[in-house]
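Engineer: Here you go, one structure.
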Amino acid sequence: MTVSAAKFEIGQVIQHLKFGYRGVVFDVDPCFQGTEEWYEQVARSRPPKDKPWYHVLVHDAAHTTYVAERHLEPDPEGGPIQHRLLDQLFGLFEDGRYRTARTIN
């Protein structure tokens, strides 16, 4: 399986192309890391498993989501998001993106 470089970065604000929600990327998998059962039940459009998938804090929601790269675009609003976990994962919001709260080794 060939793995592609990620188009989006941790801290980047994105928008879902189909569902229109905004969010911020908090983790990136170089390829699909879920179960086959989850993929069959949830990923109805059958996005490629060998492309990056993103863990996203959803704006104005309490949940997170796992999204294939082809369903995302940079957020055209460019503004901050609201999520209860935001302060645990990120610090300053500047230049349209969030900076991580602490240095990761």
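Taken together, the values in this text are just the output of simple stated rules run on the coordinates, not laboratory data. Keep in mind it's a predicted model, so treat the numbers as computed, not measured. Cβ sites come from the backbone with ideal geometry, for glycine too, and all protein chains shown count toward neighbours.
Engineer: How far apart, in nm, are the 7 Å Cα→Cβ label points at Phe19 and Glu77?
Structural biologist: 1.6
Engineer: Just report the Cα centroid separation between segment 1-31 and segment 36-105, whole Å.
Structural biologist: Between the Cα centre of segment 1-31 and that of segment 36-105, the gap is 6 Å.
Engineer: Along each of its three principal axes, how wide is the spread of alpha-carbon positions in segment 13-100, in whole angstrom units, largest first?
Structural biologist: 36, 25, 22
Engineer: Obtain the nm distance between the two label points defined at Thr35 and Ala101 by a simple spin-label model: each point lies 7 Å from its Cα along the Cα-to-C-beta direction.
Structural biologist: Computed distance between label sites Thr35 and Ala101 equals 2.9 nm.
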